[in-house]
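Chemist: Below you'll find the structure I mean.
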Amino acid sequence: MTHFTRSLCRLLLTGVVCAPVLAPALANAHTDLKTFNQSAFDGHPAVVHCTLEDGTASDCYEFTVDYMPEGLKIGPFCPATLDDKGGIWNWTGENGKLYRIDADFLHMLDGLGYRFFDDDGTVHTVDNATQRPTVDHACINVTADESVKITMRLPIEPVMATMPTQLGTVGKVGVALDGVPIFSDAPSIQQTGHMPALDTCGGHIDPGGWYHWHATATDIDTVYATEDVDASCALTQDSGAQFGYAFDGFAMFGSTEADGTAPVALDACNGHIGETALGRTYHYHASTAFPNLPPCLVGIQAQDNFSTTAKAGVGAARSGQGAGQGQLPPGFDEAATKLGITTEELMQALGGAQGGPPDIAAAAAKLGKTEAELKALLPAPPGQ
C-alpha cells in the first residue's frame, strides 16, 4: 500500500474499506488545464518548480487571471434602500440561516441589535477599500479595480496530506474553471459588525478590487431550493458539472454525480473516489446547504500559491514603503481579511505605524478579540 493510499485511508471517515484499488484512483488525479475556459488566462500558463506546504518539491501550473472574467455579471450586493433587494447573507446568530438581503432580513437584524439602515430606509453602505465605516453596522460594497492581476499555482499531481486542512474563515479553497478564485466563509457580522454582502452567485469584491466566490456558483440554485431563499444565479446551473479545482489540485464538482444521482460515501471534506470526466479519481462535491464548498482539503497546497497586484486585501503585493511598515509576513493580509478590516487598519491596531513591537493586548481589545484569538489569526513572526 502506497503512502498516498495510506493517507487517503486515514482521511476517508465514512467506513469505506481501503484497498489497492485506491492507488490507480490517485494516479488519475491531476490538474487538467484543458478543462478551464481558456479565455480566463492572461497569457499562457507555465509549468514551474514549486514547494508544497510540507516542504516537498513538486511541479505546479502557474497562471495569471484578471480581476474578474470578461463579461461576468456580478451583483447586486448591498440594497440601496429597504425597498430594494440585494444579494445574500448567511446569518449565523439567532434565527440563523441563509437570507436574501432585503427589508425583512434587515428588520430582523435590527430587532437583534444590528441596525443597518437610517430612519428614512437608506441602507448604510461603505466601500471599505477606500473609507472606514462611520456607523456601527454597514453593508460593504467594494468597487472593482480593473487593473488587478491575480497569479495562482496548482500542483500538477495532487499529494494527499496526513490530515485534512480545515479552511475556516476566508481560507483559500481553489479556483473556478473561469478563473475566479474561491474562498471559504466570509467574516461574520458578529466578528466585525459589518456585512460583506454576497451577490446571488455567492461572490463579492475583495478590498483589493478583485471578484471571488464564497460558494459553488454553478450549483447555488440547489441551495436556494433547499433553504427556501428567493434568489437565483445568472450563471448556467449544473449540479453534475465540474466547478473548478481546489488548491490541492483535486477537482470540485456540483452536488450530484454527472447522471444526477446523489454522491455516496463522502468523507469529512465532502469528497470521495468516483468516476468523473477526468477518470476515476478523488474529487470534491458541493453540498446542498450554504456554504456549499468543501469544509476542508485532503491534499497539500503549494507554498506561495496566491498573489495579486492589488495594494490591499488577500495576496496583496507590498513594496515595503511607508512608516514602520516594512515587508509584511505572509498571511498578514489573510488575517486582516478574516477580521473584516484592511491591512492598514490591522497595522494601526497593532501599533505598527509607530514602528515598535506590536501590542497584542491593546489590539485584541480594540478588535473585540481575546489575545489568544488574535494570536491564532496572525502569522508567526519571521524565524518562528
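Chemist: Tell me the label-point distance for the pair Lys85, Arg280, using the 7 Å Cα-to-Cβ offset, in nm and rounded to one decimal.
Modeler: Each label point lies 7 Å from its Cα, and together they span 4.5 nm.
Chemist: Output ³J(HN,Hα) for region 300-315: one whole-Hz value per residue in order, computed from phi by the Karplus curve 6.51 cos²θ - 1.76 cosθ + 1.60 with θ = phi - 60°, and x for Gly and Pro.
Modeler: Karplus values, whole Hz, x for Gly and Pro: 9, 6, 7, 5, 6, 8, 8, 8, 9, 8, 5, 8, 8, x, 4, x.
Chemist: Right, another one. Round to a whole angstrom and tell me the spacing of the C-alpha centers of region 171-193 and region 69-98.
Modeler: 15 Å
Chemist: Now, a different point. Can you spot the lysines whose alpha carbon is less than 21 Å from Lys97's alpha carbon? Ignore those fewer than 8 places along the same chain.
Modeler: Candidates past the 8-residue exclusion: Lys85, Lys338.
Chemist: Right, something else. Set Lys and Arg Cβ to +1 and Asp and Glu Cβ to -1, take the dipole of region 61-184 about its Cα centre, and tell me which of Ala176, Gly71, Ile156 lies farthest positive.
Modeler: Ile156
Chemist: Among Cys78, Cys201, Cys269, what is the fewest-to-most ranking by other Cβ atoms within 10 Å?
Modeler: The most exposed by this proxy come first: Cys78, Cys269, Cys201.
Chemist: Something else now. Under 16 Å Cα-Cα from Lys366, which aspartates and glutamates qualify once same-chain neighbours fewer than 8 residues away are excluded?
Modeler: Excluding near neighbours in sequence, the set is Asp136, Glu344, Glu345.
Chemist: Subtracting the Cα-Cα distance from 0.36 nm times the residue separation, let me have the gained length for Val264 to Ala241 in nm, one decimal.
Modeler: Details: separation 23, 0.36 × 23 = 8.28 nm, distance 1.65 nm.
Going from the current span to full extension adds 6.6 nm.
Chemist: Taking 0.36 nm per intervening residue step and subtracting the Cα-Cα distance, what contour gain separates Met108 from Asp127 on full extension?
Modeler: Details: separation 19, 0.36 × 19 = 6.84 nm, distance 2.36 nm.
Full-extension gain reported as 4.5 nm.
Chemist: Which parts of region 242-260 would a label at Asn37 reach, counting a residue when its backbone N lies under 16 Å from a point 7 Å out along Cα-to-Cβ?
Modeler: The answer is 242-245.
Chemist: For Ile360, Ile341, Ile101, what ranking results if the residue with the fewest other Cβ atoms within 10 Å of its Cβ goes first? Mind showing how you got there, number by number?
Modeler: Values: Ile360 17, Ile341 22, Ile101 28.
Lowest count first: Ile360, Ile341, Ile101.
Chemist: Right, next: Say the dipole of region 237-319 comes from +1 at the beta carbon of Lys and Arg and -1 at that of Asp and Glu; which of Ala262, Gly240, Ser287 then lies farthest toward its positive end?
Modeler: It is Ser287.
Every number here is computed from the coordinates shown, using simple stated rules; none is lab data. Here the structure is a predicted model, which means the values were calculated and not measured. So basically every Cβ, Gly included, is an ideal-geometry build from the backbone, and we count neighbours across all protein chains shown.
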